[in-house]
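The values are calculated or read from the model by the stated rules, or taken from the named source; none is laboratory data. This one's a predicted model, so the numbers in the text were calculated from it and none came from an experiment. In this analysis, Cβ positions are derived from the backbone assuming ideal geometry, glycine residues included, and neighbour counts consider all displayed protein chains. For the accessible areas, the whole protein counts, side chains as well, though only heavy atoms, and no ligand, DNA or RNA atoms are used. Shrake-Rupley method; radii C 1.70, N 1.55, O 1.52, S 1.80 Å.
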Amino acid sequence: MTRWSGEAPLGGRPRHTTGGLLAYPIPQEGDWTYGVLWARTASDAGRGEPVSHAIHTARQLTCMRDGLCQMCGNPARTSQGRTLWLLPANEAERIRGNGTPWTRTPPTCHPCMPTALDQLPWLRDGDASAFSVAAAKPAAVFGDIHSPGGHVEVDITVALDETGTLPDLLGRQLLVTLSGLCEEPIVPRSPWAPYLRRSSPDKGPY
């Protein structure tokens, strides 16, 4: 779900229609999900280099909704039918402290855990934790609020039940609420990982 340098934003600057809905100048089928306009980006994973901390909106949305691994794009399922999540330290600590169990970090399958710990900045910069979950329900959207007058508020989280705000939101990441969490042993990163290089430019985060 990482955005690559060759994947450019598409669609132009969104604007409000006469009906008050935020839209791209030339709307396309699939622009809106959960009543929210989503950031439109070219989909060409592997073109260029992974952009640090940059998220590809369409792939993040797909991973969150379908329980797909953020590294390989395959189902992140255990043999018991649960979904594996590798969460950064701040999200794991909030969940352990009985905070709201939601996340905008997609699942990570068991084989991809060491690679994710080595390559993804939001996981390698702190002590990540692994959980398996029984279910994940869409709960909120992280993005930018565009007022009809042209002002933009960036990096805002809006719950899906805030129907008065959703039509003004350009969504960039979906948040889900996790239920039935069980902490799992984490697959450690290789001690040689910092010294290894990818053998070809088409290998890397999904």
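Are any residues in segment 99-111 over 16 Å from the mean Cα position of the chain (by Cα), assigned to a loop (DSSP other than H, G, I, E, B) and in contact (Cβ under 8 Å) with a residue 60 or more places away in the chain, and if so, which ones?
Answer for segment 99-111, where residues must be over 16 Å from the mean Cα position of the chain (by Cα), assigned to a loop (DSSP other than H, G, I, E, B) and in contact (Cβ under 8 Å) with a residue 60 or more places away in the chain: just T100.
Might you let me know whether segment 187-198 holds any residue that is open to solvent by 70 Å² or more (accessible area, probe 1.4 Å), touching an Asp or Glu at 6+ places or on another chain (Cβ under 7 Å) and at pLDDT below 90?
Looking for residues that are open to solvent by 70 Å² or more (accessible area, probe 1.4 Å), touching an Asp or Glu at 6+ places or on another chain (Cβ under 7 Å) and at pLDDT below 90, one finds at least one in segment 187-198, hence yes.
Would you confirm, using the coordinates I've provided, whether E93 is open to solvent by 20 Å² or more (accessible area, probe 1.4 Å), of a type in the set (D, E) and assigned to a helix (DSSP H, G or I)?
The answer is yes for E93.
Residues that are under 19 Å from T78 (Cβ atoms) and either open to solvent by 50 Å² or more (accessible area, probe 1.4 Å) or in contact with a strand residue (DSSP E or B) (Cβ under 8 Å, 6 or more places away or on another chain) (or both): find the strands (runs of 3 or more DSSP E) completely inside segment 112-181 holding 2 or more of those. Break it down stepwise before answering.
Numbers: elements: 129-133, 135-146, 152-159, 169-179.
Fully inside segment 112-181 and qualifying: 129-133, 135-146, 169-179.
Take the conditions in a helix (DSSP H, G or I) and either exposed (fewer than 13 other Cβ atoms within 10 Å of the Cβ) or touching a residue at least 24 places away in the same chain (Cβ under 8 Å) (or both) and apply them to Q60. Does it pass?
yes
All but one of (1) under 16 Å from the mean Cα position of the chain (by Cα); (2) farther than 20 Å from A58 by Cα; (3) modelled with pLDDT of 95 or more hold for L123; which doesn't?
Only one criterion in (1) under 16 Å from the mean Cα position of the chain (by Cα); (2) farther than 20 Å from A58 by Cα; (3) modelled with pLDDT of 95 or more is unmet by L123, namely (3).
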